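The values are calculated or read from the model by the stated rules, or taken from the named source; none is laboratory data. Keep in mind the model is a prediction, meaning the values are calculated, not measured. As a convention, Cβ positions derive from the backbone with ideal geometry for all residues, glycine included, and neighbour counts pool all protein chains shown.
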Amino acid sequence: MGREFSNEIEHGKKLARHDPELIWGWGTPAGMVRAGRRARLIAEGAGLAPGSHALEIGCGTGLFTEYFSRTGAFITAVDISADLLKEARSRGLDKERVRFIEKPFEECEVDGPFDAVIGSSILHHLDLERSFSKIFDLLKPGGMMSFAEPNMLNPQIFIQKNIPWVKKMLGDSPDETAFKRWPLESLLREKGFAGIDITPFDWLHPLTPEKIVPAVSRMGAVLEGIPGVREFAGSLLIRCMRPRT
């Protein structure tokens, strides 16, 4: 395995010694609201439904896998970290519909085609050139790709991803980054994807006090609708498809 794989494996070990979901920002009251909404948007973008087959990349502790499995879809969930997958498997998800694979996605051999390829905050850990080509090949014609990723234009994300000591303090791995939506759109188009829709969303910070989460969520919904302002939201919702022909 290359250096980036070794970094990610070590990072998974470090996360597993603490509380990964709290480090990632999903374990707080506001974080749980964010996770639920994010999972719903990814699932809707992918068209997950009973009987559909989806590949989840970078499933980690299985938090989002559990959300996705509630749609009734069959989920193949891949992650590089044995330590995080141990937590995922401990969730007791239906083994007839959810299976976990320990492997770097770039080196993982799975049987496609899939109706959807999905994930949360994982593309920024990957080699995009290789990964987008592989995702395209794994999708059936008309299959959907649906991900949520950090937005580099968000001021906190920009600082977190570009200042090494801040990155380390906030629990990021050494190699991860974030995205600007326009270059990402260009790369997806270059790789053959169609119907590309990259939407900035999410103004709810994980440390928002529980009492004001509803108010901040409503304010965030307004900001997401304002051109220019919305570009600085915390996340990007990425949806596209493999053309049918």
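Points to keep in mind about this one:
- Considered as a group, the residues in the range 123-138 that are touching a strand residue (DSSP E or B) at 6+ places or on another chain (Cβ under 6 Å) and of a type outside the set (Val, Ile, Thr) include one that is surrounded by the most Cβ atoms within 10 Å (Cβ to Cβ), and that residue is Leu123.
- Among the residues of the range 147-180, those identified as modelled with pLDDT of 90 or more and in contact with a Leu (Cβ under 8 Å, 6 or more places away or on another chain) are Phe147, Ala148, Glu149, Pro150, Asn151, Phe179, Lys180.
- Helices (runs of 4 or more DSSP H) contained entirely in the range 25-96, each with at least 2 residues that are modelled with pLDDT under 95 and under 25 Å from Asp172 (Cα atoms): 82-89
- Residue match in the range 121-142 (condition: of a type in the set (S, T, N, Q), within 18 Å of the chain's Cα centre (by Cα) and assigned to a helix (DSSP H, G or I)): yes
- Residue check for Arg239: modelled with pLDDT under 95, touching a strand residue (DSSP E or B) at 6+ places or on another chain (Cβ under 6 Å) and either not hydroxyl-bearing (Ser, Thr, Tyr) or not in a helix (DSSP H, G or I) (or both): no
- A Cβ distance below 8 Å, combined with a sequence gap of six or more or placement on separate chains, defines the contacts here; from the range 87-99, residues that are within 22 Å of Glu109 (Cα to Cα) reach residues that are acidic (Asp, Glu) and assigned to a strand (DSSP E or B) in the pairs Ala88/Asp79.
- Subset of the range 143-182 [among the polar types (S, T, N, Q) and assigned to a helix (DSSP H, G or I)]: Gln156, Gln160, Asn162
- Residue among Ile101, Ile118 that alone is crowded, with 24+ Cβ neighbours inside 10 Å and outside any loop (DSSP other than H, G, I, E, B): Ile118
- In the range 166-223, residue surrounded by the most Cβ atoms within 10 Å (Cβ to Cβ) [restricted to those that are of a type in the set (Ser, Thr, Tyr) and within 16 Å of Arg38 (Cβ to Cβ)]: Thr208
- Of all residues in the range 127-144, those satisfying the criterion of being of a type in the set (A, V, I, L, M, F, W, C) and over 18 Å from Ile198 (Cα atoms) are Leu138, Leu139.
- The range 55-75 - residue that is among the β-branched types (Val, Ile, Thr) and surrounded by 22 or more Cβ atoms within 10 Å (Cβ to Cβ) and, of those, farthest from Leu22 (Cα to Cα): Ile75
- Members of the range 79-98 found to be among the small types (Gly, Ala, Ser) and surrounded by fewer than 16 Cβ atoms within 10 Å (Cβ to Cβ), listed by number: Ala82, Ser90, Gly92
- Pair list, Cβ under 8 Å, 6 or more apart: the range 130-148 residue farther than 18 Å from Lys180 by Cα, other residue of a type outside the set (Lys, Arg) and part of a helix (DSSP H, G or I): Arg130/Glu106; Lys134/Phe105; Lys134/Glu106; Met144/Gly45; Met144/Ala46
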